[in-house]
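Everything on this sheet refers to the single structure shown next.
Laboratory data are not the source of any read-out in this text; all were calculated from the coordinates shown. The structure displayed is predicted, hence computed values, not measured ones. Backbone-built Cβ (ideal geometry, glycine too); neighbour counts: all protein chains shown.
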Amino acid sequence: MRARGLFPYVLILPAFAVVGFISFYPTLYSFFLSLHSFRRGQQTFVGLRNFEQILNSAGFYESLRLTLVYGLFFVSLTLLFAFLLALAFNRKLGYTGVFMTTIFIPWMLSEIVTGIIFRWLFLPGYGLLQELFSPLFGNITFLGHPQGAMGVVVGATIWRTLAFAMLLILAGLQTISSEVYEAAAIDGATGWQIFWYITWPLVRPTTLVVVLLLSLQAVNSTGLFLSITNGGPGRATEVLSVMMYREALVFFNFGYGAALAVVMFFVNAILAAVYLRTMRSEIVV
Amino acid sequence: MAVISTQAPSSVARLTLRQRSNVVLFLTLALVSLIVIFPVIYAIFTSFKPRGFGLARDLLAGGFYLGNYELLLSTPRFVRQIFNSFVMSFGGGVITTTAAAMAGYAFGRFSFRGRTVLLSILLAVMMLPGLTNLIPLYKIASDLGLRDTYLIMILVYAAYGIPFGTWVMVGFFRSIPTDLEEAAKVDGATPFQAFWLVVLPLAAPGLTAVFITNFVYNWNDFLAALVLLSSTAMKTAMVGLFDFQNQLTGNNNELLIAACVLIMLPGVVLFVLFRNAFLRGMLEGALKG
């Protein structure tokens, strides 16, 4: 329908008012905050000093490294398991709806509930998984061990995200018509050949989208870290988002925290730009 | 799995192989589902054990104890925080659904100047990271005296839900034919009346989907509530749970886990009841934006 004067603008006004106040304005304001220092209630302009401080602190690079390690393990393992599950669900065996619902339940738990359950499962003396898995890893106490604690958070993140990633890949697999597979089978292609020459090229774009979405999630993941390890032991799981939370909202270094937020904003913006480009160019839904 | 019997007899040998592999696959999926859901089931069983029971190697040991739930439901702080969660999630859902219905109608039905750009801007908000946004918002809300109020949380949840809700509603309104509005217009209805009285009732399934998914998302939110709420009386159940975990002393995990089970219920139940709305929403949100 054609525009009728101001009517459409009136309709979109509430949406833009709320989103403008809660999302746009604070994002712009974080750029302003990042150029200031807040000491004893005094706000002073410090230029780029907060950014200088970030780039000169060893803690930042260590957090960056931890974020990358966490992201690498979480994204690659989630992708692997999700792919296998999606291939299984795509066989359309029938009566698998209940399995689908079941594996989605972790996705419907909040980060904090997931975190508390995982922390409890790995508590020394009380945790079932601590008792079960510890002999396999040289009898360590997972939550007291730098890599062990990171492993628990990675495991919890995979557990919660697996079904979501699987669903996206499954949607990609279902766009491939069964005729393609039948033709290949008639030509005598083996299962592996079918996967490598037919399935993979056709789901590659969807997979790329999933990788980017999971990477975005990895960069911003905070709740699971706060509830399972709270950055510990020591600072062994203090990823960038946890560092940002602590600086801004525990130590109240707003300027420094906001500068970290600006850095994170650009990391996100780059990932999001790649994600949107991939969707535009590769996915035809 | 009975579909296979309709095939030609010449390929029986190959089909039985496929059939056998299907059985293996089916059992594998069953096993994987069981492993995935096990922590939840184990948590539910543990929540019915007396406090101080400790590591349960046997699911049924310790009997069927209701004391954890009784204690939680008679703790004013816990009930109050559940109530807070409900008010904020519900309020956020109402504003999200209303604003998304209006904006979705405008974007889905009318062509107006700036339409494409405005829609892209609104959808781009979905890519803004939560915590990055919450740090400046904490400062803004503090300066305006809005921190630790229902209002700020309802607005935050609405802002999180509106972009995606609008996108769902755009698709929904496009699937409803325009004839009805034309007829309403002929009968002398104003554009707003046509929208409110004719189109909106037809879009009820879309509105329900937007409301339910947003409600669950809000219910499960942890970070925004953690940052913006500070008093015990205003905190949501999720933040209360986090405090509870940090304050817990001694061997009282059973109580903490019982609280987890109660708090996870709304999300899980609504998901099971409205499964398709959730799954469709996830797909559209991720692959069609």
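What does the structure give for A:48-61 when I average, per residue, the other chain Cβ atoms found within 10 Å of the residue Cβ? Please list the in-between numbers first.
Values: counts 0, 0, 0, 0, 0, 0, 0, 0, 0, 0, 0, 0, 0, 0.
Mean inter-chain Cβ contacts per residue within 10 Å come to 0.
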| query | Once the Cα gyration tensor of chain A is diagonalised, what are the square roots of 5 times its eigenvalues, in whole Å and ordered largest first, as equivalent ellipsoid semi-axes? | reply | 38, 30, 18
| J(HN,Hα) series, the stretch B:203-215, from Karplus relation 6.51 cos²θ - 1.76 cosθ + 1.60, nearest Hz, glycine and proline x | 8, 3, x, x, 4, 4, 4, 4, 5, 5, 5, 5, 4
| Where a ≥ b ≥ c are the square roots of the eigenvalues of the C-alpha gyration tensor, would you call chain B rounded, which needs a/c under 1.5, or, failing that, prolate if a/b is larger than b/c, or oblate? | oblate
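Per residue of B:110-122, count partner chain C-beta atoms within 10 Å of its C-beta, then hand back the mean as an integer.
Details: counts 9, 4, 11, 3, 3, 3, 0, 0, 5, 1, 1, 4, 5.
Neighbouring Cβ atoms belonging to other protein chains average 4 per residue here.
Note down the Stokes-Einstein diffusion coefficient of the stretch A:92-224 in µm²/s, whole number, using a Kirkwood radius over alpha carbon pairs, 20 °C, and 1.002 mPa s. Display every interim value, and only then the final one.
Numbers: Rh = 17.6 Å.
Result for D is 121 µm²/s.
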| Rounded to the nearest 20 debye, dipole of chain B from Cβ charges on Lys, Arg, Asp, Glu | 640
| Derived scalar couplings ³J(HN,Hα) [the stretch B:56-68; Karplus, 6.51 cos²θ - 1.76 cosθ + 1.60; whole Hz; x for Gly, Pro] | 9, 8, 10, 4, 8, 5, x, x, 10, 9, 9, x, 4
| message | For a quick check, take a GNM of chain B with Cα springs below 10 Å and name the residue from B:Leu60, B:Leu17, B:Leu248 with the largest mean-square fluctuation. | response | B:Leu17
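Assuming a ≥ b ≥ c are the square roots of the Cα gyration tensor eigenvalues, decide whether the stretch A:202-285 counts as rounded (a/c under 1.5), prolate (otherwise, with a/b larger than b/c) or oblate. Don't skip to the end; give the middle numbers.
Values: a/c = 4.34, a/b = 1.99, b/c = 2.17.
Oblate, because a/c is 1.5 or more while a/b does not exceed b/c.
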| request: May I ask which residue of A:Ile22, A:Val69, A:Ala149 lies farthest towards the positive end of the charge dipole of chain A, with charges of +1 (Lys, Arg) and -1 (Asp, Glu) on Cβ and the Cα centre as origin? | output: A:Ile22
| message | Can you give me the long-range amide H partners of A:His36? Hydrogens built in the peptide plane at 1.01 Å from N, cutoff under 5 Å, separation of 5 or more residues or another chain. | response | A:Val46
| request: Could you work out how far apart the two model spin labels at A:Leu48 and B:Leu17 are, taking each label as a point 7 Å from the Cα in the direction of the beta carbon, and quote it in nm? | output: 6.5
| task | Let me have the 222 nm mean residue ellipticity of chain A computed from DSSP H runs of 4+ only, each contributing -39500 (n - 2.57), with the sum over all residues rounded to the nearest 500. | result | -21500 deg cm²/dmol
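Within a 10 angstrom radius of each residue's Cβ in B:36-45, how many Cβ atoms of other chains show up on average? Whole number is fine.
Values: counts 11, 7, 3, 11, 7, 0, 5, 6, 0, 0.
The mean count of partner-chain Cβ atoms within 10 Å per residue comes to 5.
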| request: Let me have the relative contact order for chain A, percent, based on Cα pairs under 8 Å that are six or more residues apart. | output: 28
| request: Name the residue, out of A:Ala58, A:Ala17, A:Ala149, whose mean-square fluctuation peaks in a Gaussian network model built on chain A with Cα pairs under 10 Å. | output: A:Ala17
| Listed residues B:Ser21, B:Ser85, B:Ser230, most fluctuating in chain B (Gaussian network, C-alpha, under 10 Å) | B:Ser21
| task | State, as an integer percentage, the relative contact order of chain B based on alpha-carbon contacts under 8 Å between residues 6 or more apart. | result | 30
| query | Given a Förster distance of 60 angstrom, what is the FRET efficiency for A:Ala185 paired with A:Arg235, based on the Cβ-Cβ distance and rounded to 0.05? | reply | 0.65
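Just how large is the dipole of chain A about the Cα centre, in debye to the nearest 20, putting +1 at every Lys and Arg Cβ and -1 at every Asp and Glu Cβ?
Working: 15 positive and 10 negative charges, 142 e Å.
Dipole of chain A, to the nearest 20 debye: 680 debye.
How compact is the stretch A:97-173 by the rule of thumb for globular proteins, expressed as Cα Rg over 2.2 N^0.38 Å? Numbers along the way, then the final one.
Working: Rg = 14.5 Å, N = 77, 2.2 N^0.38 = 11.5 Å.
That ratio works out to 1.26.
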| said: For B:Ile35, A:Ile22, which order do you get if you count the other beta carbons within 10 Å of each Cβ and list the fewest first? | reply: B:Ile35, A:Ile22
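Indicate the gyration tensor shape class of the stretch A:136-285 (rounded, prolate or oblate), computed on the Cα atoms with a ≥ b ≥ c the square roots of the eigenvalues: a/c under 1.5 is rounded; otherwise a/b larger than b/c is prolate and the rest oblate. Don't skip to the answer; put the middle values down first.
Details: a/c = 4.09, a/b = 1.79, b/c = 2.28.
Since a/c reaches 1.5 but b/c is at least a/b, the shape of the stretch A:136-285 is classed as oblate.
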| query | So what J values fall out for the stretch A:17-29 if you push phi through Karplus, 6.51 cos²θ - 1.76 cosθ + 1.60 with θ = phi - 60°, rounded to Hz, Gly and Pro as x? | reply | 5, 5, 5, x, 6, 8, 10, 6, 4, x, 4, 5, 5
| field | Selection from B:Leu155, B:Leu72, B:Leu55 lying farthest towards where the dipole of chain B points positive, charges on Cβ | value | B:Leu55
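Tell me what chain B gives for mean residue ellipticity at 222 nm when only DSSP H runs of n ≥ 4 count, each as -39,500 (n - 2.57), the sum divided by the residue total, rounded to 500 deg cm²/dmol.
Numbers: 12 runs with 203 residues, N = 289.
Theoretical 222 nm ellipticity from helices: -23500 deg cm²/dmol.
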| If you bin every alpha carbon distance in the protein assembly as shown into 20 Å steps from zero, what whole percent lands in each bin? | 18, 51, 28, 3, 0
| note | Total charge of the residues flanking B:Ile176 in space, meaning their Cβ is under 13 Å from its Cβ, with Lys and Arg +1 and Asp and Glu -1, is -1
